[in-house]
Amino acid sequence: MNKDIQIIDDSVKTEVLEYPTVELISRLFPGHPISRRGVMRSPFRDDRHPSFSCFKGTGGISRWKDQATGESGDNISLYRRVYPELDYVEAVDQLSWLLFLHALPSCL
């Protein structure tokens, strides 16, 4: 990403925040087992019992919570947990590209 241009469009940020966290986890951690209810083992640690949940929060924002550690957040915080070297704007930018590329028709 060009460090000179860091602009977050509100509509892009909203799309990133509303994207289903379960789907984001399946993209970031391919093969990670996920239940239909959005409860799973933590993708961040060795978890013997499913204690990581994904849900829609206030305003339609997709959220996650690790019940065992108390850690929680939105899609941007999840992505920054995976890539801690990114600042907020870089994380939103990369997530928007990840989601945009996901939405492209397969014929392109």
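The values are calculated or read from the model by the stated rules, or taken from the named source; none is laboratory data. Keep in mind it's a predicted model, so treat the numbers as computed, not measured. Backbone-built Cβ (ideal geometry, glycine too); neighbour counts: all protein chains shown. Keep in mind that these areas ignore ligands, DNA and RNA; they rest on the heavy atoms of the full protein, side chains included. Shrake-Rupley method; radii C 1.70, N 1.55, O 1.52, S 1.80 Å.
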For the stretch 24-39, check the following and say yes or no: at least one residue is among the small types (Gly, Ala, Ser), under 12 Å from the mean Cα position of the chain (by Cα) and modelled with pLDDT of 95 or more. no
On the basis of being within 21 Å of Asp10 (Cα to Cα), aromatic (Phe, Trp, Tyr), surrounded by 18 or more Cβ atoms within 10 Å (Cβ to Cβ) and in contact (Cβ under 8 Å) with a residue 12 or more places away in the chain, does Tyr79 make the cut? yes
If you go through the stretch 11-35, how many residues are hydroxyl-bearing (Ser, Thr, Tyr) and touching a residue at least 40 places away in the same chain (Cβ under 8 Å)? 2
Output the qualifying pairs, or none if there are none: Cβ atoms under 7 angstrom, residues six or more apart or on different chains, first residue in the stretch 36-55 and farther than 14 Å from Glu71 by Cα and in a loop (DSSP other than H, G, I, E, B), second residue open to solvent by 20 Å² or more (accessible area, probe 1.4 Å) and of a type in the set (Val, Ile, Thr). Gly38/Val22; Pro50/Val39
Would you say Ser96 is part of a strand (DSSP E or B), of a type in the set (Ser, Thr, Tyr) and open to solvent by less than 40 Å² (accessible area, probe 1.4 Å)? no
